[in-house]
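Data first, discussion second: the structure below is written as structure tokens.
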Amino acid sequence: MIALWDNNLGQESAVELLSRIIDSKRIPHAFLFIGKEGVGKHCVAVKFAKLLNLNPKKLDQDPVQKKIENLTEPFLKYVIPLPRGKGESTDDSATDKLPQDVIEELKSEIKNKIDNPYYRISIDKASNIKINSIRDIKKFISINYDDIPYRIILIEDAHLMSEEAQNALLKSLEEPPPGVIFILTTPFENRLLPTIKSRCWSINFKPLANDILVNILTEYFGIEKTLAKRVSYFSDGSVTEALQLLENDFEDVIDGVIDVLRYSLATKYHSAIKSINALLNNQPTDFIKKIILLISRWFSDAHKNRFKLDEYYFEDAKETFEKFNKKFNDADYIRILDKLDELAISVEKKVSLNMIATSIIFEISATVMR
């Protein structure tokens, strides 16, 4: 069974577990795919749905496989966050009251997702999974299709269901009709109700290896290989994070982070604050986590250099690290890396962005002042 999976998915543990489940012929009725954005949860979910419905006698010529790949009902119901339509009521489907331009946008975004499974769907004002979408699921599973071995309900960004929507899903999730399989995906399992999680078989997805990430960036997004390799070092195994860096002029971001480091280490606080604010300008709140990661990578490289190791994230900065370690041979790298981890966690706790930015600068400067 493992041989039938795409070897470029980069999720060996998840693939092995799902293969064993298929081979056992005892398929749980609900799965929760857990892992950060951009690590291939959608790819694995669609491939899993195809393998569940695989006809060994047809293989390459089975039209069902293409229908699942194209997210086509009744084989696969695809549930994503949607905007609310004007005058939308409980009797409407999730799309009934959406204006035509939004419908066209939705169709275009789903086509992009079909063509590129790593594409991140973005629809204006689509901030949650509506309870009407959950009601649509109930209608979907109420219709019997004896000729389809397994029908899949794929709910992406499941953490964006409101508590009301999650509660509405519970009954269907607990006792679906035979042959109906739920797959919920999320980077934030803690935002799901315990009753939702307890009804699902959890599968953990790891960050992608750099070589897999590079292949995805070049094959699906047309990124030049040298640039893809360079950005992969700073993307924490996520296609989404790599693209975010590239969309924000990756080299400029790196230069900005170096400025923050240089000014902070020289205790030029005003210049450091100016530099970090320039990096954060017009960015989503959590972009500061990317800045923290890049700074952590720099100090990790400096730590490696102290022990004469050769592989660096900042490949061109070996001479810089040698000079730094010669000048500050007692710099406490473990302390600064721990502090940066704490600051990254504080972003999730809604700590003031200005406070986090200021703390970054002072923690960097403290590395060479002790």
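None of the figures in this text is laboratory data; all of them are computed from the coordinates on show. Just so we're clear, the structure is a prediction, and the values are computed from it rather than from any experiment. Please note: Cβ atoms are built from the backbone with ideal geometry, for glycine as well, and neighbour counts cover all protein chains shown.
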Using 0.36 nm per residue of separation minus the Cα-Cα distance, give me the extension gain between residue 277 and residue 227 in nm, one decimal. 15.4 nm
Which order do 301, 124 fall in if you start with the one that has the fewest other Cβ atoms within 10 Å? 124, 301
Cβ neighbours within 10 Å, averaged per peptide: list 326-338, 232-244 in order, most packed at the top. 232-244, 326-338
Which of the lysines could a cross-linker span from residue 318 if the Cα-Cα distance has to be under 21 Å and same-chain partners fewer than 8 positions apart are dropped? 229, 304, 308, 326, 327
By the gyration tensor of its Cα atoms, with a ≥ b ≥ c the square roots of the eigenvalues, what is the shape of the stretch 100-211: rounded for a/c under 1.5, prolate for a/b over b/c, or oblate? rounded
Charge context of residue 296, other residues only, Cβ under 12 angstrom, K/R +1, D/E -1: -2
Tensor-based shape of the stretch 230-333 (alpha-carbon gyration tensor, a/c under 1.5 rounded, otherwise prolate or oblate): oblate
Determine the alpha carbon to alpha carbon distance for each of 67/113; 41/125; 86/130; 206/349; 67/125; 274/349 and list only those over 19 Å. 41/125; 206/349; 67/125; 274/349
For Cα pairs less than 8 Å apart in space and 6+ apart in sequence, what is the mean separation divided by the residue count of the stretch 2-204, i.e. the relative contact order in percent? 32
Pull up all non-local amide H partners of residue 202: gap of 5 or more, or a different chain, and H-to-H distance under 5 Å with H placed in the peptide plane. 32
Two-site FRET efficiency, residue 17 against residue 354, from Cβ-Cβ distance with R₀ of 45 Å, rounded to 0.05: 0.55
On a full-extension model of 0.36 nm per residue, what is the gain between residue 318 and residue 107, subtracting their alpha-carbon distance, rounded to one decimal in nm? 71.1 nm
Starting from the Cα of residue 345, step 7 Å along the direction of its Cβ; do the same at residue 100; then give the gap between the two resulting points in nm. 5.4
